[in-house]
Amino acid sequence: MPRKKKRVKKIHKEAKWPRVTSFEERDEVLSFWEERFGIPKEAFEGYLLLSTSKNYWLFVELPDIKPLQGLKVQTVGLLFTRRVSHWLKPTSTALQRFGHLAQKNIIDLSPAELDRLRRERKIPFSAEVEEGYVILRCEGKVWGCGLYVKKSLISFLP
Amino acid sequence: MLKLSEAPAYFERYRDIIPDFERFLEHLKEPLPLYFRLNELKCPDPEIVLKGLARQGVKAELVSGLPRFYRVEPRDFPLGSTEEYYLGYIYPMTTSSALPVIALEPRPGEYILDLCAAPGSKTTQMAQASQDKAVIVANDRRLDRLTALVANLKRLGVASVATTLYRGETFPFGIPFDKVLVDAPCSGEGRYRQGYEGELLYQKEGHTNLPAIQKGLLVRAFDLVKVGGIVVYSTCTFNPEENELVVDYLLRKRQAEILLCEYPLPCHPGITEWEGKILHPGLANARRFYPHETQSVGFFVAKIKRLM
């Protein structure tokens, strides 16, 4: 009887670490968080910003990243921001972690509104915030990212 | 699965090392209390969690001596289906499982390796203890388990962890780790209780030579940590062959010493003799934890310093 071949996911031998962003790129991403949500850049002091093709990752700052770059990694740090077309979009994961520091563009939902939004993904909504990405909050808990546009609220919650 | 009626015979070999053996056997009839750890990285205000759980009929009480740990009533409450869990505010975890990280004392700026990390209770505890500012490499050899670890890192909002998928025994050299945790795969005897749904690995996989695997992992961990660095070796079993004898093997192979450590749960010194074999006297500095004394899972922890 031929032996059944065991399926094993191989690690890509040339797997590369995400690239450390330049000062300018880091400043662009952190400025977006500051301008959009009022979260100061200092909130991310002590963290490196790493980049893959369309994603930015937050990872702890270290004196020398080189020894670590010898490892074949599966994931590094926290998925922080995505580049969607020409726009930057915060991830719900990052908003859940840092959203409590936000000063603006926060939408407070009632539990019923949150339920409906999670179910229907898009609901008519009116709020005193700028159009664009918003922080969805319910009873003091940050749930993640939404998009407020043309009196509608769109959910980007996972 | 080991039946409760078989437990006295199974654990009989530990009669001389488990204190108050009869009470221990009686205690196995009680279900394991339910605990969670609060994740202040995401939830700086515990009241948000406590009020949210209270609304669902859950009473959560801070565990004395263990900051951020809460004991939950009723103990069969499905914490995993609450929004507090979904949002990463809590991590259900038994109290004795916190001991290895207490021994490790993670600090900001340190390079730390968690060699057998999945599903991530101790990795995330390390990240919290170091305010998400230590460089933590969380490794596991199994992809399915690593997937669970990655999900927990994301859920808890941890940024300081890189994950890898190596066999622990062959984890590559080249990183000057300050500390390594080996929470080794083990027979899991310390988890056993009435109604325990898992199996004792020792029975299930009779062909698996756990002590050989554990020795390989511990020696590698020791060789990975820098001179003067710390390795913490832990299991959730009572079996000396998976505990003291594994550490004894290391002490005979390498220049190491076992450090004393303060723990917030009742404990006993590691044994220095087993079935006629005299072990390294330093093993008395290791610690054993028993479920009937801790109201938790049985554990073994050794804090080891690399001397050369």
Problem set entry | Conditions (1) modelled with pLDDT under 95; (2) within 11 Å of chain A (Cβ to nearest Cβ): number failed by B:Y111 | (1)
Seminar exercise, completed: Counting only residues that are more than 16 Å from B:Y86 (Cα to Cα), surrounded by 13 or more Cβ atoms within 10 Å (Cβ to Cβ) and within 12 Å of another protein chain (Cβ to nearest Cβ), region B:52-61 contains a total of 0
Exercise. Of the residues B:F69, B:F36, which single one is surrounded by 13 or more Cβ atoms within 10 Å (Cβ to Cβ), more than 14 Å from chain A (Cβ to nearest Cβ), at pLDDT 95 or above and farther than 25 Å from A:A94 by Cβ?
Worked result: B:F69
Exercise. Which one is farthest from the other protein chains (Cβ to nearest Cβ) among residues in region B:155-173 that are without any contact (Cβ under 8 Å) to a residue 60 or more places away in the chain and either aliphatic (A, V, I, L, M) or within 23 Å of B:Q131 (Cα to Cα) (or both)?
Worked result: B:V161
For this session: Please find, within region A:110-156, the residue that is farthest from the other protein chains (Cβ to nearest Cβ) out of those that are loosely packed, with under 12 Cβ neighbours inside 10 Å and of a type in the set (G, A, S).
Result: A:S126
For this session: Those residues that are crowded, with 20+ Cβ neighbours inside 10 Å and either among the aliphatic types (A, V, I, L, M) or under 12 Å from B:N243 (Cα atoms) (or both), I need them from region B:258-270; list them, please.
Result: B:I258, B:L265, B:G270
Exercise. Is it true that B:A7 is surrounded by 13 or more Cβ atoms within 10 Å (Cβ to Cβ), at pLDDT below 95, farther than 20 Å from A:W143 by Cβ and among the small types (G, A, S)?
Worked result: yes
Exercise. For region A:91-109, does any single residue satisfy the condition of being more than 23 Å from A:S31 (Cβ to Cβ) and at pLDDT 95 or above?
Worked result: yes
Problem set entry | Residue count for region B:123-138, restricted to those that are more than 8 Å from every other protein chain (Cβ to nearest Cβ), surrounded by fewer than 24 Cβ atoms within 10 Å (Cβ to Cβ) and either over 27 Å from A:E45 (Cβ atoms) or not polar (S, T, N, Q) (or both) | 1
Exercise. Just checking, how many residues over region B:72-92 are within 12 Å of chain A (Cβ to nearest Cβ), part of a loop (DSSP other than H, G, I, E, B) and either of a type in the set (F, W, Y) or surrounded by fewer than 16 Cβ atoms within 10 Å (Cβ to Cβ) (or both)?
Worked result: 1
For this session: Starting from residues that are at pLDDT below 95, closer than 17 Å to B:T235 by Cα and touching a Pro at 6+ places or on another chain (Cβ under 8 Å), keep the ones in region B:191-222 and report whichever is surrounded by the fewest Cβ atoms within 10 Å (Cβ to Cβ).
Result: B:R193
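The values are calculated or read from the model by the stated rules, or taken from the named source; none is laboratory data. Keep in mind it's a predicted model, so treat the numbers as computed, not measured. Virtual Cβ from ideal backbone geometry, glycine too; neighbours counted across all protein chains shown.
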